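Colleague: What follows is a single structure, and I will ask about it in a moment.
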Amino acid sequence: MDKITVRVPATTANLGPGFDCLGMALELYNTVELEPAFKFEMVVTGEGQDSLSRREDNLVYEAIAMLHAKAQLSTPPMRITCHNSIPLGSGLGSSSAAIVGGLVAANLLLGERFPQTELLQEATIMEGHPDNVVPAILGGCQAVVQDGKRLVTSSIPLPPQLRVALFIPDFQMPT
């Protein structure tokens with residue numbers, strides 16, 4: 001395995017009257033790197049470096065392991081490095097970014113075995129709702145609804161002059 005690097009955007013959801021159907025990717029990113037190793041190792045820098053797990057219960061690793069299990073393969077030993085810029089507990093999709101980063105990186109490691117639609121479904125299952133994971137994978141502003149197990153998405157064009165201002169509290173809260 002060569003080094004795999006994936007960059008995942010922060011997201012904001014529950015936009016206006018769209019509630020859980022609208023989400024938008026932002027220009028703030030977490031990066032996930034996978035490298036071959038003799039044993040599992042997890043490194044976290046930036047946001048959450050003092051609080052996020054460095055064990056196999058880290059969301060990034062759980063997503064990687066889940067996709068390997070879906071492929072009926074064991075997860076190989078690897079060094080996972082997470083460079084986090086997305087604040088935790090701030091409503092900017094840090095858990096979605098972790099899940100998507102793990103799934104996309106694992107899919108690259110597996111030779112892109114799974115189509116994007118399956119990654120969207122698995123990310124939604126892990127996160128519990130699609131409004132943050134869909135724009136984290138597809139980018140831009142997305143409308144998404146669930147029709148049974150199937151996700152129906154539609155990209156919403158945004159004017160190029162649109163700017164987003166973020167007000168991030170200096171404390172974490174469940175979002």
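The values are calculated or read from the model by the stated rules, or taken from the named source; none is laboratory data. Values in this document were obtained by computation on a predicted structure and should not be read as measured data. Cβ coordinates were reconstructed from backbone atoms using ideal geometry, including for glycine residues, and neighbour counts include every protein chain displayed. These area figures cover heavy atoms from the full protein model, side chains too; ligands, DNA and RNA do not enter into them. Shrake-Rupley method; radii C 1.70, N 1.55, O 1.52, S 1.80 Å.
Colleague: Cβ-Cβ under 8 Å, sequence separation 6+ or interchain: first residue in the range 120-132 and in contact (Cβ under 8 Å) with a residue 12 or more places away in the chain and farther than 17 Å from residue 18 by Cα, partner in a loop (DSSP other than H, G, I, E, B) and not acidic (Asp, Glu). Which pairs?
Modeller: Matching pairs, first to second residue: 120/130; 121/149; 122/114; 123/130; 124/130.
Colleague: One residue is enough: does the range 17-28 have a residue meeting the conditions open to solvent by 60 Å² or more (accessible area, probe 1.4 Å) and more than 28 Å from residue 146 (Cα to Cα)?
Modeller: no
Colleague: Find the residue count for the range 125-141, including only residues that are of a type outside the set (Val, Ile, Thr), in contact with an Asp or Glu (Cβ under 8 Å, 6 or more places away or on another chain) and at pLDDT 95 or above.
Modeller: Matching residues across the range 125-141 total 1.
Colleague: Quick test of your reading of the structure: residue 102 fulfils all but one of (1) at pLDDT 95 or above; (2) closer than 18 Å to residue 20 by Cβ; (3) not basic (Lys, Arg). Name the failing condition by number.
Modeller: (2)
Colleague: Also: Hand me the list of strands (runs of 3 or more DSSP E) wholly inside the range 1-105 holding 1 or more residues that are touching a residue at least 24 places away in the same chain (Cβ under 8 Å) and within 27 Å of residue 154 (Cα to Cα).
Modeller: Once the strands (runs of 3 or more DSSP E) in the range 1-105 are filtered for at least 1 residues that are touching a residue at least 24 places away in the same chain (Cβ under 8 Å) and within 27 Å of residue 154 (Cα to Cα), what remains is 4-13, 22-36.
Colleague: Okay, moving on. Against the condition among the aliphatic types (A, V, I, L, M), surrounded by 15 or more Cβ atoms within 10 Å (Cβ to Cβ) and over 22 Å from residue 174 (Cβ atoms), how does residue 86 come out, does it pass?
Modeller: no
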